[in-house]
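The values are calculated or read from the model by the stated rules, or taken from the named source; none is laboratory data. Treat the numbers as computed from the prediction; the structure is a model and nothing was measured. Heads up, the Cβs are rebuilt from the backbone with ideal geometry, glycines too, and the neighbour counts pull from every protein chain shown.
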């Protein structure tokens with residue numbers, strides 16, 4: 001049986017680029033977000049993780065489900081997948097690296113090879129729909 005890591009992510013696009021993060025010691029970029037804690041809803045997780053990672057307040061009333069994507073989990077054994085449930089949402093504050101996040105960056109589609117496998121699927125979708133340049 002496959003192991004699935006359940007994660008929530010924030011999709012924040014601006015000027016055809018997407019906000020991405022890199023954790024300390026990692027060599028690829030990930031969409032901001034993280035793992036659900038016991039009893040949390042998607043939106044609870046989104047609000048908590050984005051506050052922890054970027055010191056930004058998500059407005060949960062504006063959250064819109066973009067899609068749920070699954071791929072081999074980067075840095076894990078074969079058969080370990082990550083399922084990423086993605087939302088857009090309005091926010092207050094300027095994204096600033098916090099907690100384990102070392103770098104915050106705006107990436108274009110050309111940087112697709114620098115992100116985790118599940119993020120590559122999302123990059124493809126956003127590029128095909130004209131949202132990521």
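Structure data summary
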item	result
Residue tally, condition surrounded by 15 or more Cβ atoms within 10 Å (Cβ to Cβ) and farther than 24 Å from residue 28 by Cα, over the range 59-77	2
Only one of 111, 89 that is under 16 Å from residue 15 (Cβ atoms), at pLDDT 95 or above and surrounded by 15 or more Cβ atoms within 10 Å (Cβ to Cβ)	111
Search result, residues across the range 1-21 that are within 15 Å of residue 53 (Cβ to Cβ) and not in a strand (DSSP E or B)	11, 12
Where residue 104 falls short, out of the listed (1) surrounded by fewer than 17 Cβ atoms within 10 Å (Cβ to Cβ); (2) over 18 Å from residue 128 (Cβ atoms)	(1)
Residue count for the range 16-44, restricted to those that are under 28 Å from residue 128 (Cα atoms) and either at pLDDT below 95 or in contact with a strand residue (DSSP E or B) (Cβ under 8 Å, 6 or more places away or on another chain) (or both)	19
Residues satisfying the stated conditions in the range 26-42, i.e. surrounded by fewer than 16 Cβ atoms within 10 Å (Cβ to Cβ) and within 22 Å of residue 97 (Cβ to Cβ)	27, 35, 37
Matching residues, the range 19-33, being touching a helix residue (DSSP H, G or I) at 6+ places or on another chain (Cβ under 7 Å) and on the phi < 0 side of the Ramachandran plot	21, 28, 29, 30, 31, 32
Test: residue 45 is on the phi < 0 side of the Ramachandran plot, touching a helix residue (DSSP H, G or I) at 6+ places or on another chain (Cβ under 8 Å) and surrounded by 15 or more Cβ atoms within 10 Å (Cβ to Cβ)	no
Qualifying positions in the range 114-133 - crowded, with 20+ Cβ neighbours inside 10 Å and within 12 Å of the chain's Cα centre (by Cα)	115, 116, 118, 119, 122, 123
Residue check, residue 98 touching a residue at least 40 places away in the same chain (Cβ under 8 Å) and more than 14 Å from the chain's Cα centre (by Cα)	yes
Hits in the range 110-126 (condition: touching a strand residue (DSSP E or B) at 6+ places or on another chain (Cβ under 9 Å) and over 22 Å from residue 81 (Cβ atoms))	111
